[in-house]
Amino acid sequence: MQRFKDYTELYLQTAPLAHSTHGSYRAALTNYWLPALGDAIVTEISYTDLLAADHQICLLYTSPSPRDRG
């Protein structure tokens, strides 16, 4: 059974991506998706799991920075 983080690593190693796209994908996965779903078994990730992860990612992404709070 393949974990999400293993699947994403395999994808990044084999996908024909431009260097900048590869970097952007890795950053998004590392910063947002892997903390939420990294250890989950790919075939067991539900639509609800994806929505919850997406919601958390949106909250992190849209939260004001400390610089903007003051």
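At-a-glance table
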| quantity | calculated |
| --- | --- |
| Rounded accessible area of Tyr11 (nearest 10 Å², 1.4 Å probe) | 100 |
| Size of charge dipole - the stretch 1-51 - debye, nearest 20, with Cβ of Lys, Arg +1 and Asp, Glu -1, no other charges | 160 |
| Pairwise label distance in nanometres, Asp6 with His19, each label 7 Å out on the Cα-Cβ vector | 3.2 |
| Which of Ser20, Ser46 is most accessible, then next, and so on - probe 1.4 Å | Ser20, Ser46 |
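The values are calculated or read from the model by the stated rules, or taken from the named source; none is laboratory data. Just so it is clear, the structure is predicted and the values come from calculations on it, not from any experiment. Using ideal geometry, Cβ is built from the backbone for each residue, glycine included, and neighbour counts are taken over all protein chains shown. Accessible surface is based on the protein model in full, side chains and every heavy atom, while ligands, DNA and RNA are left aside. Shrake-Rupley method; radii C 1.70, N 1.55, O 1.52, S 1.80 Å.
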